[in-house]
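Take a look at the structure set out below.
The values are calculated or read from the model by the stated rules, or taken from the named source; none is laboratory data. Owing to the predicted nature of the structure, the values given are computational and were not obtained by experimental measurement. A quick note on method: Cβ atoms are made from the backbone with ideal geometry, for glycine too, and the neighbour counts reach across all protein chains shown. Ligands, DNA and RNA are excluded from the accessible area calculation, which covers all protein heavy atoms including side chains. Shrake-Rupley method; radii C 1.70, N 1.55, O 1.52, S 1.80 Å.
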Amino acid sequence: MQEFTEITVHELTPDPFTLIGSDWLLITAEKDGKVNTMTASWGALGVMWGMPAAFIAIRPQRYTKEFVDAAERLSLCVPGQAFRKELSYLGSVSGRDEPKIQKAGLTVRHEDGVPFFAEAQTVLLCRKLFAQELSADSFIDASLLEKWYPAHDLHTLYVCAIERVLSKRA
């Protein structure tokens, strides 16, 4: 298995639009000794409060939200296009109902106590800084509510400090 190399956020490749929007992320956290993950294709990377940051959004009904809420730290893993089938599966099945990580054939590893996947090409090890539920009153463009929230299940937005980046792409 190819080992990870630590890189800086400035060395991240491909660009954040590809990493998140095309390659997709696995948001992964641990609670009471159990690891859970979910696929995400929404989010952002940037700078907040003077530090590299990841912005992730999780709907209230997602099981992974319980894990993220309980954990101080989490990982954002990018397995890449070769794992598209597994990413689709992990985004459509709940860890409440079955051992989806095992069924997807992914290997959980830990770095600094944070769970991530050995199969990832890029891993962002993050520490939560901020969480807030989105509010319908805050939307300037109300058409976004109609399009993305017909069930009124607005995401919680998390801002996370990116503490370390691990890469096999380096």
Condition set under 17 Å from residue 12 (Cα atoms) and outside any strand (DSSP E or B), scope region 142-170, selection modelled with the highest pLDDT: answer is 168
Mind checking which residues of region 60-92 are more than 20 Å from residue 160 (Cβ to Cβ) and open to solvent by 30 Å² or more (accessible area, probe 1.4 Å)?
61, 81, 82, 83, 84, 85, 86, 88, 89, 92
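Residues that are open to solvent by less than 20 Å² (accessible area, probe 1.4 Å) and within 18 Å of the chain's Cα centre (by Cα): does region 142-156 have at least one? Steps first, answer last, please.
Residues of region 142-156 open to solvent by less than 20 Å² (accessible area, probe 1.4 Å): 149, 155-156.
Checking the rest, the ones that are also within 18 Å of the chain's Cα centre (by Cα) come to 155-156.
Yes, that holds for at least one residue.
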Restricting region 1-54 to residues that are within 10 Å of the chain's Cα centre (by Cα) and open to solvent by 50 Å² or more (accessible area, probe 1.4 Å), the one nearest to residue 134 (Cα to Cα) turns out to be 42
Within region 19-74, track down each residue that is under 22 Å from residue 153 (Cα atoms), among the acidic types (Asp, Glu) and at pLDDT below 95.
none
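Can you tell me which residue within region 34-89, out of those that are part of a helix (DSSP H, G or I) and either acidic (Asp, Glu) or in contact with a His (Cβ under 7 Å, 6 or more places away or on another chain) (or both), is nearest to residue 102 (Cα to Cα)?
Going through region 34-89, the residues part of a helix (DSSP H, G or I) turn out to be 63-70, 81-89.
Narrowing the set further to residues that are either acidic (Asp, Glu) or in contact with a His (Cβ under 7 Å, 6 or more places away or on another chain) (or both) leaves 66, 69, 86.
Values: 66: 19, 69: 23, 86: 11 Å.
Residue satisfying both the conditions and the ranking: 86.
Could you please find all residues in region 90-126 being assigned to a loop (DSSP other than H, G, I, E, B) and of a type outside the set (A, V, I, L, M)?
Our first condition is that a residue be assigned to a loop (DSSP other than H, G, I, E, B); within region 90-126, this holds for 93-99, 105-107, 112-113, 118-121.
Result: 94, 95, 96, 97, 98, 99, 105, 107, 112, 113, 119, 121.
Every residue, every condition in (1) farther than 30 Å from residue 15 by Cβ; (2) free of Cβ contacts under 8 Å to residues at least 24 places away in the same chain, yes or no:
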residue: 66; (1), (2): yes, no
residue: 71; (1), (2): no, no
residue: 75; (1), (2): no, no
residue: 80; (1), (2): no, no
residue: 85; (1), (2): no, yes
residue: 91; (1), (2): no, no
residue: 97; (1), (2): yes, yes
residue: 103; (1), (2): yes, yes
